[in-house]
Amino acid sequence: MELLEAIKKRRSVRSFKKEDVGEEDVNKMLQSACLAPTAGNVQPWKFVVVKNPKVKKDLAVSALNQLWMTEAPLIIVACADLNRAERFYGERGRTLYAVQDTAAAIQNILLTAASLGLAGCWVGAFSEARVIKTLDLSPGVRPLALIPLGYPNESPKPSYRFSLEEVVTLIE
């Protein structure tokens, strides 16, 4: 699939077929995440792939009881290693670059999923403290997104997007 086609095809999906996602496809998504741009090549991301039903439920409860997440065959938890980013870039690395870099990796996961006929949703509303405890994350590793992934059981229509005139300023 061509990149622009995958970008146009990507949707936030919250209903999934009861079909496992193959290890090869999971690895493709994770490999594409690790190819994201990163400040100074620090690569501050860490990913936790969750297939365990109990852990998926704990994550869904931590995400304001969004229990639809438990339907997904897997949830990738995208985290930023704040300490790694801080070692190279100080406070700005910890508070900005780690987040930006990991966000780029998350987008790569979602676009790769779309190119593979999979779908997911970028979930950012959750209790960080509860996710950290559920996954027993190391100090300084901050969960930034929960990404339920699977084969879509719905085809959401494209959402409204602002026109370029509304969002672009050209300075010549």
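Readers should treat all values here as calculations from the given coordinates under stated rules, not as data from a laboratory. The model shown is predicted, which means the values in this text are computed figures rather than measured ones. Every residue, glycine among them, receives a Cβ derived from its backbone with ideal geometry; neighbour counts consider all protein chains shown.
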> Spin-label point model (7 Å from Cα, Cβ direction): what's the Glu24 to Asn41 distance in nm?
Replying inline: 3.1
> Name the trypsin sites (Lys or Arg not before Pro) in segment 27-111 that are in a loop by DSSP and that have at most 13 other C-beta atoms within 10 Å, would you?
Replying inline: Lys51
>> Please list 3J(HN,Hα) in residue order for segment 130-136, calculated via the Karplus relation 6.51 cos²θ - 1.76 cosθ + 1.60 where θ = phi - 60°; whole Hz, with x for glycine and proline.
In response: 5, 5, 4, 5, 4, 9, 6
>> For the chain, what does the helix formula give at 222 nm: sum of -39500 (n - 2.57) over DSSP H segments with n ≥ 4, over the residue count, nearest 500 deg cm²/dmol?
In response: -11500 deg cm²/dmol
> Scaled to the compact-protein estimate 2.2 N^0.38 Å, what is the alpha-carbon radius of gyration of segment 3-153, rounded to two decimal places?
Replying inline: 1.00
>> Quick check: from the Cα gyration tensor, does segment 1-84 come out rounded (a/c under 1.5), prolate or oblate?
In response: oblate
>> Need one number: nm distance between label points at Asn52 and Phe162, each 7 Å from Cα along Cα→Cβ, rounded to one decimal.
In response: 4.3
> How much length is gained if the chain between Glu154 and Ile7 is pulled fully straight, taking 0.36 nm per residue apart and subtracting their Cα-Cα distance, in nm to one decimal?
Replying inline: 51.2 nm
> What chymotrypsin sites (Phe, Trp or Tyr not before Pro) does segment 72-172 have in DSSP loop regions with at most 10 other beta carbons within 10 Å?
Replying inline: Tyr160, Phe162
>> If I take R0 = 30 Å and measure r between the Cβ atoms of Arg130 and Gln31 in this structure, what FRET efficiency does the formula 1/(1 + (r/R0)^6) give, to the nearest 0.05?
In response: 0.55
> Using the alpha-carbon centroid of each, what span in Å lies between segment 157-172 and segment 90-145?
Replying inline: 26
